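Structure, as structure tokens:
The values are calculated or read from the model by the stated rules, or taken from the named source; none is laboratory data. In this text, all values refer to a predicted model and were calculated from it rather than measured experimentally. Cβ placement follows ideal geometry from the backbone for every residue including glycine, while neighbour counts extend to all protein chains displayed.
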Amino acid sequence: MKRRMHAAVLSVLALILGTGALVFTTSGAAHADINGTVTLTPSSGTVTDKPFVTGLSLSAGCPAPYQDALRVSLITPDGLTKALLVVKDGAPYTSVPAEVTLPATAPTGDAYVSISTALRTVADGTYPLTVECGLATPATDQALRTYTMAIEITGQNWAVKQTAPATQTTVTLTESPVGHAQVNNKVALTAKVQPADAAGRVQFLRDGTSQIATATVADGTATAQLPALANPALVPLGAIFVPDDNTKYTQSSTTVSYAIVDEPDVTVLDDTGNALSDTPNLKGGQKIAVTATGFLPAPSGSSGESVDLTLDGAAATPATAPADSAGAVDNLAYTLPGSVADGSHKLTLTGHTSGVAVDFPFTVGAAASTGGTTAGDTSGDTSGDSSGSTAGDTAGDSSGATAGDTSGDASGASGGATGGDSGGDIGGGSGDSGGTSGGTSGGGGTLAATGATGVLPLTGLALVLAAGGGYAVHRVRRNGKLLSFGPSPRD
């Protein structure tokens, strides 16, 4: 499952000075101006001077623990920070005001840069200047302490410019979908700048340095899109607000950690290592190994989100398991309770932070039987036997006997005997045939009965025609004209 990962990540500049490493944190999200002033000596000069000043004074000193070094930088029109000098002479800077004297010629080994070298291309205009109080050991939980002022460049000369302090800005970054996205899906990024009327642009970054996009701020908002990623990972995302006028608004930045996760899936092996099919039939006490994906990946050097286990909604054993760096729970050993009841059940793995749930349904005990086959056989056999046998026997006996007797009586002794025997036999035979047909077709039930009823009128017509034909043949034979040609002796 997934867990939303949020961490403030501060960019670090390590400067090797003498025997110690001095660190200046530069995240705008942890930036705080010092309520004080900077005095430069001299207050003007040329852009090629190195160092560009020989002294500076900080009216409020440097607050602890930022007392190990000082960095003086210019902010370029495109928002870049260009360091002019970094010094530690006279550190720690605990006095108020803090006084720093610089050599007229930059010594070897220290960071001294002229304005023209820092800017590369010198253009007339007003440039914000910052003085940062540095520390020897990173302390990401403490805000950066900075003095701000401005200088104005005209041609090859510069001079301190008295301006009102720039308004501090903040920028926040949100993502959609919130918290995490599945692999191969794009993510919408929205940066909110305060105050909303601060004109400028936002640079969207991935992994701290790789630029995703740059968007102009409109009504305090700038948007971009993180391209789809193919593998699960925790992705550091950043947004830097660069004001159009550095003397009116300050630059600010923020960073967040965003999770890209696999699609939720589950694979379960039995105790012999064979993969189980969908909704398998298990038994109490059976051992299985569960692998599930789709949870929040673990940050480097730590565990991922906790994954809660439940059986039919109740806590299982083990109750939790950590996701790995790919956001997966791999080969988690689980033993089905011996007392589990027959029927359908479900093992669920749920990300404690992300809320992503992966289900593994299974059954216990014999599968329930259905009544469809039994009901169909009973209905078909009973209906067919009863309808077919009854219809056939009744039609044969009744039709044959009645037709024979009636015909014989009406036609006289000789004709009656012949017609009676013939009609009776034929009618009876037909009846017997109807009974056999009904019994054979009994599986059809109603259909067999309907067929027998439709045949009866045709059988009657056949009997009449057969009787008439038999009588005609008898008369012809008596007259001696059967199979003879020409006039008979009687003619």
Selected residue (only one of SER354, SER306 is touching a Lys or Arg at 6+ places or on another chain (Cβ under 6 Å), closer than 28 Å to ALA181 by Cβ, crowded, with 18+ Cβ neighbours inside 10 Å and outside the structural domain of VAL235 (by TED's automatic domain parsing)): SER354
Verdict on ALA159 being assigned to a strand (DSSP E or B), at pLDDT 95 or above and in contact with a strand residue (DSSP E or B) (Cβ under 6 Å, 6 or more places away or on another chain): yes
Number of the condition not met by ILE151 [criteria: (1) exposed (fewer than 14 other Cβ atoms within 10 Å of the Cβ); (2) within 27 Å of VAL38 (Cα to Cα)]: (1)
Qualifying residue in region 262-279 (condition: farther than 25 Å from SER325 by Cα, surrounded by 14 or more Cβ atoms within 10 Å (Cβ to Cβ), at pLDDT 95 or above and touching a Phe, Trp or Tyr at 6+ places or on another chain (Cβ under 7 Å)): no
Residue check for LEU85: surrounded by 15 or more Cβ atoms within 10 Å (Cβ to Cβ) and without any contact (Cβ under 8 Å) to a residue 40 or more places away in the chain: yes
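Where in region 15-74 are there strands (runs of 3 or more DSSP E), lying fully within it, with 3 or more residues that are assigned by TED's automatic domain parsing to the domain that holds PRO92 and either closer than 28 Å to GLY208 by Cα or modelled with pLDDT under 50 (or both)?
Values: elements: 20-25, 31-33, 38-41, 44-46, 55-58.
Counting at least 3 such residues, we get 20-25, 31-33.
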Residue among ALA164, ALA196 that is free of Cβ contacts under 8 Å to residues at least 12 places away in the same chain, surrounded by fewer than 20 Cβ atoms within 10 Å (Cβ to Cβ) and either outside the structural domain of VAL356 (by TED's automatic domain parsing) or not in a strand (DSSP E or B) (or both): ALA164
Subset of region 257-292 [among the polar types (S, T, N, Q) and either touching a residue at least 60 places away in the same chain (Cβ under 8 Å) or more than 30 Å from VAL178 (Cβ to Cβ) (or both)]: SER257, THR272, ASN274, SER277, THR279, ASN281, GLN286
Candidates ALA233, ALA215 - the one that is without any contact (Cβ under 8 Å) to a residue 40 or more places away in the chain and small (Gly, Ala, Ser): ALA215
